[in-house]
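Notes follow the structure.
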Amino acid sequence: MLKRFFIICSGADTDILEDCSIGEQNKYAGIGATVFFTAVMAFIAASYALFTVFDNLYTSIFFGLIWGLLIFNLDRYIVSTIKKTGHVIDELIQASPRILLAIIIAVVISKPLELKIFEKEINQVLLEQKNEMTLANKTQLAEQFTPSIDGLNNNILALQQQIDSKEAEVNQLYDTYIAEAEGTAGTKLLGKGPVYKEKREKHDALLAELQQLKLDNKAKIAAIENEIVKLKGDYDTQVTTTQPIINNFDGLMARVDALGKLPWLPSLFIFLLFLAIETSPIFAKLLSPKGAYDFKLEDQETALKTNVLQNKNQLEAMLKADYAINDRIYSDIEKEDELYNYKRKKARELMQLQADAFYKQQKNIL
């Protein structure tokens, strides 16, 4: 039962193979088994590749099964259409487009399995890329917010410098009127005279301005600090919002790109393995000698072709003879007076009927 199934997978004619030797049957069963297991590998590879896209097991299995059946049908077609002619050059020319198609199929099958085999290494590469993308993302976002925050900080420094400058002036006036009172500077008269009072009043007025300036600038600084806090909050929000996009950077194309960053030699050997599996049925048929199945199939096709050509030639001869007979018959009838008189009579009746109909039509118009 299993042997018959693999023979069907090979695309061979089961009726012809039943009359062949066991060895011939085993050869085509082996070719069919290769076609079948290649389709199974295609199903597994496609299911994994689609799972990385859809992230749904049942959807991946469904479309993977369709892909596996498609590969099975293509492989079966490729193997079944190669005919043994006994001429190596002709067989290679016949098989060359099929070999090219087999190479394409091998690439498509091997790539998803490479992604699965090197999954841990690919995850490491993706992790490094995600870290780089996270840092780059933060840098780009910071470039949007940093100039505004720096400008606000400069405004705070400017307001603080105004306070510091005013404080320095107040302190200087304080030292001046104290020195006047002690008699160490100014008029150098000990005591609180008119000059002392003048300098004290000037100090007190500037001190009042300083206190008011502190209140005003403190309110301005608080408003600016709130704006800075808001900008930093917006920056954190942007980072939080964009981070999931980076975390989800592990799709099919990202993994294929990460696979390309790994050493190429292991991937090459895996590809060559699947290429050997995919092309093995073709080369098995090309390298094997012309067997009993090939002779019987050729005999059957030759007999059918001969029968078709015979029927075609016979039909052409019959048609040619029929043309000749018809020409002779109509040539003989052409000279008969009886047929001439009969057709003359019918033509006269027809013309009379046409004249009557025309007359009636003209009469109705009038």
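Where a number appears in this text, it was derived from the coordinates with a stated rule and is not lab data. Keep in mind that this is a model prediction, so the values were computed, not measured. Cβ coordinates were reconstructed from backbone atoms using ideal geometry, including for glycine residues, and neighbour counts include every protein chain displayed.
What the table below lists for this structure:
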{"read-out": "Dimensions in Å of the chain - Rg and Dmax from alpha carbons", "value": "50.6, 172"}
{"read-out": "FRET efficiency, Ile8 to Ala324 (Cβ-Cβ, R0 51 Å, nearest 0.05)", "value": "0.45"}
{"read-out": "Kyte-Doolittle at least 1.6, axis length at least 15 Å by Cα - qualifying DSSP helices, the chain", "value": "264-287"}
{"read-out": "Of Lys138/Lys214; Lys84/Lys312; Lys130/Lys230, those spanning more than 31 Å from alpha-carbon to alpha-carbon", "value": "Lys138/Lys214"}
{"read-out": "Percent of Cα-Cα distances greater than 21 Å, calculated over the stretch 59-145", "value": "60 percent"}
{"read-out": "Unit charges at the beta carbon, dipole of the chain: most positive-side option, Leu141, Ile93, Leu309", "value": "Leu309"}
{"read-out": "Residue of Asn313, Asn247, Asn123 that the Gaussian network model of the chain assigns the largest fluctuation, springs spanning Cα pairs under 10 Å", "value": "Asn313"}
{"read-out": "Alpha-carbon Debye profile of the stretch 308-365, log10 I(q)/I(0) at 0.14, 0.16, 0.24 Å⁻¹", "value": "-0.65, -0.70, -0.92"}
{"read-out": "Packing-based order for 99-111, 347-359, using average beta carbon neighbours within 10 Å, highest first", "value": "99-111, 347-359"}
{"read-out": "Residue (of Ser331, Ile104, Ile44) at the positive-pole extreme of the chain, dipole from beta-carbon charges", "value": "Ser331"}
{"read-out": "Stretch gain in nm, segment Asp90-Glu301, where the contour uses 0.36 nm per residue and the Cα spacing is subtracted", "value": "74.1 nm"}
{"read-out": "Part-to-part distance (alpha-carbon centres) for the stretch 200-235 and the stretch 11-30, which is given in Å", "value": "98 Å"}
